[in-house]
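Undergrad: Sharing a structure here in structure tokens format.
The values are calculated or read from the model by the stated rules, or taken from the named source; none is laboratory data. Treat the numbers as computed from the prediction; the structure is a model and nothing was measured. When we count neighbours, we look across all protein chains shown, and the Cβ atoms used for this are built from the backbone with ideal geometry, even at glycine. For accessibility, only protein heavy atoms count, side chains too; no ligands or nucleic acids. Shrake-Rupley method; radii C 1.70, N 1.55, O 1.52, S 1.80 Å.
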Amino acid sequence: GMNVFLFIRFYRFYDIEPQYYYTRKLLGFALPLARAPAACLNFNCMLILLPVCRNLLSFLRGSSACCSTRIRRQLDRNLTFHKMVAWMIALHTAIHTIAHLFNVEWCVNARVNKSDSYSIALSRLGDKPGETYLNFAREEIPNPEGGLYVAVTRVAGITGIVITLCLILIITSSAKTIRRSYFEVFWYTHHLFVIFFIGLAIHGAERIVRQQTQESLDKDNPEKCDKDPSEWGKPGKCAIPQFAGNPPMTWKWIVGPMFLYLCERLVRFWRSQQKVVITKVVTHPFKTIELQMKKKGFKMEVGQYIFVKCPKVSRLEWHPFTLTSAPEEDFFSIHIRIVGDWTEGLFNACGCDKQEFQDAWKLPKIAVDGPFGTASEDVFSYEVVMLVGAGIGVTPFASILKSVWYKYCNNATNLRLKKIYFYWLCRDTHAFEWFADLLQLLETQMQERNNAGFLSYNIYLTGWDESQADHFAVHHDEEKDVITGLKQKTLYGRPNWDNEFKTIASQHPNTRIGVFLCGPEALAETLSKQCISNSESGPRGVHFIFNKEN
């Protein structure tokens with residue numbers, strides 16, 4: 001809405017206002033078509049850095065004065081907003097660039113007398129002493145050389161080329177395929193934003209878009225003086241119009257966000273310099289390692305995440321991992337699945353590729369930034385929740401379930417959460433092993449406290465072979481599950497989400513139910529649709545509130 005408003009407002013401004021009367025005569029429709037997207041670019045470039053100020057967002061998330069649950073859910077979509085703003089920047093850059101290509105061509109043609117007589121006369125203004133120019137193409141070089149000369153000799157041309165190239169590289173390297181397969185390419189090209197913003201700030205410094213000065217306008221109305229430019233300056237006739245450049249405005253839009261982002265980076269740097277001690281490295285099945293760490297003054301909430309850097313693997317790369325420990329524990333931990341170059345490097349640096357035990361002093365140095373808030377922080381704000389994890393996406397719920405277990409151990413009576421429905425979808429049986437211990441502890445704890453109904457969990461195995469199927473069939477009637485060792489049997493295939501939602505809705509009428517997912521986009525789309533279709537329209541009745549980890 002703001003983009004549409006700004007585009008229309010500035011298009012009309014440059015298409016109507018009298019100070020641009022002669023500029024329009026020279027440039028035609030390309031003047032408003034270049035300036036309207038420029039205004040939208042200022043607005044979007046102001047916004048693009050804010051969604052990636054993680055510390056600012058965490059502060060807003062944690063401040064109940066600033067954020068209700070509904071607003072916090074919007075803050076959790078910061079990366080989606082960042083991408084939307086980026087696409088708006090790309091769109092307006094394309095329009096702005098195309099319009100200026102017309103501007104340059106027409107200005108150069110007018111300068112070398114290959115245009116209408118009126119444009120040629122306007123282009124000659126500034127050649128004599130006491131005159132100010134309107135046409136920014138001052139050299140008499142025909143196209144295409146003239147256009148190229150303007151592009152490589154004027155500040156606006158040079159910076160325009162540089163920031164457009166930076167934008168193309170940033171956007172193309174952000175494609176999902178490159179981001180997933182060649183993360184380093186995405187990471188390093190994204191830092192071209194520094195050059196982009198410097199170029200953007202000085203792009204308008206030369207003031208090549210000209211307007212008639214107010215003093216000149218007050219002397220003569222351009223609509224009455226435009227009949228014959230050859231008469232300008234003669235006794236009793238209109239005075240020669242005087243022109244000045246538009247003062248640069250972009251820096252005013254972006255200086256605030258740039259300052260905030262600079263503060264953000266300084267906070268990150270300060271945090272990264274604080275000492276982190278790895279107290280334990282545990283190798284789990286399914287190419288997963290667990291790092292247990294300590295850091296002075298570190299405080300966390302359930303479901304939060306940290307950024308980790310290992311200088312031995314890469315001095316520049318930071319990667320996000322969900323915390324799997326509970327706030328009640330005296331350490332914090334993350335589980336890392338080995339899926340790429342960086343994780344493979346960390347796996348080897350921690351000595352996990354060796355069979356024997358490793359000495360603690362041999363472990364690599366680790367830098368940690370965070371913790372940062374996520375949707376999962378709100379899990380204790382609901383009486384009933386559905387937790388859905390897919391594969392390694394179970395990690396935020398490890399923290400939640402551990403915290404619940406500690407609260408029950410300490411006889412927590414003020415716990416608002418009354419019921420958890422936990423779903424875990426996994427392709428491979430090995431993935432269950434490291435998480436099953438925690439579920440067994442919870443299962444035992446709830447039974448001892450006569451609250452076995454508090455946690456209802458369903459584990460789904462989505463991939464198996466024929467020999468495994470035969471083995472499962474033979475042991476199906478045993479008291480404990482053959483895979484997890486839990487009393488709750490593993491289910492095979494995928495959940496019927498429609499049935500699951502309808503069953504839960506019938507058991508909890510007039511309740512707000514939080515649905516939390518850490519998993520793939522396809523599953524997110526399915527659950528989001530189920531939340532909408534199974535929620536009642538009125539203020540009363542059951543309402544499913546969808547929350548997704550980014």
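Undergrad: Here is a list of conditions, (1) without any contact (Cβ under 8 Å) to a residue 60 or more places away in the chain; (2) surrounded by 14 or more Cβ atoms within 10 Å (Cβ to Cβ), and Asn103 meets all of them except one; can you say which number that is?
TA: Condition not satisfied by Asn103: (1).
Undergrad: If I go through region 72-121 residue by residue, how many of them are over 30 Å from Leu60 (Cβ atoms) and either outside the structural domain of Cys45 (by the TED database) or of a type in the set (Phe, Trp, Tyr) (or both)?
TA: 3
Undergrad: Has region 222-230 got at least one residue that is in a helix (DSSP H, G or I), buried (at least 17 other Cβ atoms within 10 Å of the Cβ) and among the hydroxyl-bearing types (Ser, Thr, Tyr)?
TA: No: zero hits.
Undergrad: Something else about it: If a residue must be in a helix (DSSP H, G or I) and either outside the structural domain of Met446 (by the TED database) or open to solvent by 10 Å² or more (accessible area, probe 1.4 Å) (or both), how many such residues does region 396-424 contain?
TA: Quick first cut of region 396-424, residues in a helix (DSSP H, G or I) only: 396-409.
So of that shortlist, the ones also either outside the structural domain of Met446 (by the TED database) or open to solvent by 10 Å² or more (accessible area, probe 1.4 Å) (or both) come out as 402, 405-409.
Summing the residues that are in a helix (DSSP H, G or I) and either outside the structural domain of Met446 (by the TED database) or open to solvent by 10 Å² or more (accessible area, probe 1.4 Å) (or both) in region 396-424 gives 6.
Undergrad: Sticking with this structure for a sec: Could you please let me know if Glu140 is among the acidic types (Asp, Glu), open to solvent by 50 Å² or more (accessible area, probe 1.4 Å) and either on the phi > 0 side of the Ramachandran plot or not in a helix (DSSP H, G or I) (or both)?
TA: Against the criterion (among the acidic types (Asp, Glu), open to solvent by 50 Å² or more (accessible area, probe 1.4 Å) and either on the phi > 0 side of the Ramachandran plot or not in a helix (DSSP H, G or I) (or both)), Glu140 qualifies.
Yes/no per residue for (1) modelled with pLDDT under 95; (2) closer than 19 Å to Ile98 by Cα:
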| position | (1), (2) |
| --- | --- |
| Phe5 | no, no |
| Glu17 | yes, no |
| Tyr21 | yes, no |
| Arg24 | yes, yes |
| Phe29 | yes, yes |
| Cys53 | yes, no |
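Undergrad: Quick check: is even one residue across region 236-251 out of contact with any Pro (no Cβ under 8 Å at 6 or more places or on another chain), touching a residue at least 40 places away in the same chain (Cβ under 8 Å) and charged (D, E, K, R)? Don't jump to the end; show me each part of the working.
TA: Of all residues in region 236-251, those out of contact with any Pro (no Cβ under 8 Å at 6 or more places or on another chain) come to 236-240, 242-251.
So of that shortlist, the ones also touching a residue at least 40 places away in the same chain (Cβ under 8 Å) come out as 240, 242-244, 246-251.
When the remaining residues are screened for being charged (D, E, K, R), the result is none.
No, every residue in region 236-251 fails to be out of contact with any Pro (no Cβ under 8 Å at 6 or more places or on another chain), touching a residue at least 40 places away in the same chain (Cβ under 8 Å) and charged (D, E, K, R).
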